[in-house]
Amino acid sequence: MKTIVINADPKRKGTTAQIMKSSAKGAESAGAEVEYVDLYKFDLSGCRICLICKKDEETCKCYWRDELSPLIEKIFNSDTLLIGVPIFFSNPSSHYMALIERLIFSIVSFKTGNIFKGKVDVGLFYTMEYPLDYFEDSVRPHLKQSEDLLKMLNGKVVIDSFSNISKADRSDTSQEGIDSLKLKEDQLSKDLEKVFNIACELSR
């Protein structure tokens, strides 16, 4: 089993990264071969609509020559894809959206639709700094279209949401701030265990 783990957050040591590193450990515990990627290290762009991928109705591949194309090929050849995505202004990070554009456009035929014959299970983990109930009620419904694109990888799709711990949380030295940070840190410990278990299950 091969599992690709992607941190789609600019921060390489933030909450999203912690969650994805825990998911990587979960996949490894299931015996999977794991590759961990910090997406913001890549020099990439969204889909250029060069249409080269449309000339071959059998090969799922992005032909644009940058650092993202080899990662897309690895995803197509994997068994599990785990992605951690921060929410900015009610939208997923720009690098995540660039990845999804090119990943999915590579497997779409204008004549026959989805040409991907493989099966990749997906774990998608959102992180944010505002309340989870607000996100689920007011933001998440608008993300359904992009979430549904992941179903084109023909596998199981598991989606979950987690609160971030910001610099502001750590800088508030009032008793109320200290208590609030402690609650968030306790919750993060539970979240790390949760993503570990999800990744383990998806990578079996």
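The values are calculated or read from the model by the stated rules, or taken from the named source; none is laboratory data. Note that the structure is predicted; figures quoted are calculated from it, not measured. Note that we place each Cβ from the backbone using ideal geometry, even for glycine, and neighbour counts take in every protein chain shown. Heavy atoms of the whole protein, side chains included, go into the accessibility calculation; ligands, DNA and RNA do not. Shrake-Rupley method; radii C 1.70, N 1.55, O 1.52, S 1.80 Å.
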Over the heavy atoms of HIS142, what accessible area does a 1.4 Å probe trace out, to the nearest 10 Å²?
150
Assigned charges on the beta-carbon of Lys, Arg, Asp, Glu; the range 49-174 dipole about Cα centre (debye)
540
Could you pull the accessible area for SER90 with a 1.4 Å probe, rounded to 10 Å²?
40
Using a 1.4 Å probe on the protein chains only, how many percent of the accessible area of the range 62-204 belongs to carbon and sulfur?
53
Using only the alpha carbon atoms of the range 2-41, find the Kirkwood hydrodynamic radius as the inverse mean reciprocal pair distance, in angstroms to one decimal.
10.1
Given the C-alpha atoms of the range 107-148, compute the convex hull and give its volume per residue in Å³.
92
Residues with beta-carbon under 15 Å from that of LYS156, excluding LYS156: net charge, scoring Lys, Arg +1 and Asp, Glu -1?
-3
Over the chain, with the other protein chains present, what is the accessible area per residue in square angstrom, probe 1.4 angstrom?
53
The number of Lys pairs in the range 125-204 whose alpha carbons lie under 27 Å apart, excluding pairs fewer than 8 residues apart on one chain, is 13
Mind listing P(r) for the range 115-204? All alpha-carbon pairs, 10 Å bins, whole percents.
14, 36, 31, 14, 4, 1
Using Cα springs under 10 Å in a Gaussian network model of the chain, which residue among ALA32, ALA168, ALA24 shows the largest mean-square fluctuation?
ALA168
Just reorder MET97, MET20 by solvent-accessible area, largest first, 1.4 Å probe, all chains present.
MET97, MET20
Exposed loop sites here are chymotrypsin sites (Phe, Trp or Tyr not before Pro) in DSSP loop states with at most 13 other C-beta atoms within 10 Å. What is the longest stretch of the chain lacking them?
111-204
Filtering GluC sites (Glu not before Pro) in the range 1-71 by DSSP loop and by at most 13 other Cβ atoms within 10 Å leaves GLU57, GLU58, GLU67
So which trypsin sites (Lys or Arg not before Pro) in the range 111-154 end up in coil per DSSP with only 12 or fewer other C-beta atoms within 10 Å?
LYS111, LYS117, LYS119
